[in-house]
1. Just grab the label-to-label distance for Gln99 and Asp8, each label 7 Å out from Cα along the Cβ direction, in nm (one decimal).
2. Counting pairs of alpha carbon atoms under 8 Å apart in space and at least six apart in sequence, what relative contact order in percent does segment 6-139 give?
3. If we count every other residue with Cβ under 10 angstrom of Leu33's Cβ, Lys/Arg +1 and Asp/Glu -1, where does the sum land?
4. Rounded to the nearest 20 debye, what is the charge dipole size of segment 18-62 about its Cα centre when +1 sits on each Lys and Arg Cβ and -1 on each Asp and Glu Cβ?
5. What whole-number distance in Å separates the alpha-carbon centres of segment 1-36 and segment 153-176?
6. If I take R0 = 22 Å and measure r between the Cβ atoms of Ser31 and Arg144 in this structure, what FRET efficiency does the formula 1/(1 + (r/R0)^6) give, to the nearest 0.05?
7. Order by neighbour count: Ser119, Ser25, Ser129, fewest other Cβ atoms within 10 Å first, most last.
8. State, to one decimal in nm, how far the label point of Asp151 lies from the label point of Ser132, with both points 7 Å from Cα in the Cβ direction.
Amino acid sequence: MLTERFQDALVYATELHATQIRKGSGVPYVSHLLAVAGLVLEAGGDEDAAIAALLHDAAEDQGGLATLAEIRRRYGDRVADIVAACSDTFEQPKPPWHQRKRAYIAHLREAPADVRLVSCADKLHNARSISSDHRQLGDAIWTRFNADPEDILWYYREVSAIFCEQGPEALATELSLVVEQLHAAVTGASARVCAGTPG
């Protein structure tokens, strides 16, 4: 059961991201946070994981280490540790895109199950959004990003492969499907879908 901690985190996340929108879409950013938290809960995540899902971008995008410290004070070490592990960087300005993504991939290979759950839910919702927008807008969507489409597809395929190997199983399989369908749509290559993960 979700408690008042989750309700408080929902309000806090909404306040932190109140003026933020999804890249190129005009959609309030909180929609992404709600979707990621929903995926985590549907995949069996507990309240701490769901709270971390709501706040997974809070420190990186809204205040850095000071925000992370406030998350730790409000919701405890486990939530804060998941949020920290799901963040690319706390530096402003952010380091170059490739540097951040390579470091995240290396870190993800060693991440515990609760971090992989929140991270996979985040990547799944992002990949769904990119795929949907690509169907509607075509290659124009890539102007929203700080990297070329080939690099973005490389990144999503790399993280998808890690989730396929290590879990979470259901989310990993769906992420693999979405990423490979997007890869095929962009490049014309055949899709290479995850067969599942260890139980």
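Values quoted throughout were computed directly from the atomic coordinates according to the rules given, and no laboratory measurement underlies them. Small disclaimer: the values here were computed from a predicted structure and weren't measured. FYI the Cβ positions are ideal-geometry reconstructions off the backbone, even for glycines, and counts take in every protein chain you see.
1. Rounded to a tenth, the inter-label distance reads 3.7 nm.
2. Across segment 6-139, relative contact order equals 23 percent.
3. -2
4. Dipole of segment 18-62, to the nearest 20 debye: 320 debye.
5. Each part's Cα centre sits 24 Å from the other's.
6. The computed FRET efficiency comes out at 0.90.
7. In increasing order of surrounding Cβ atoms, one gets Ser25, Ser129, Ser119.
8. 2.7
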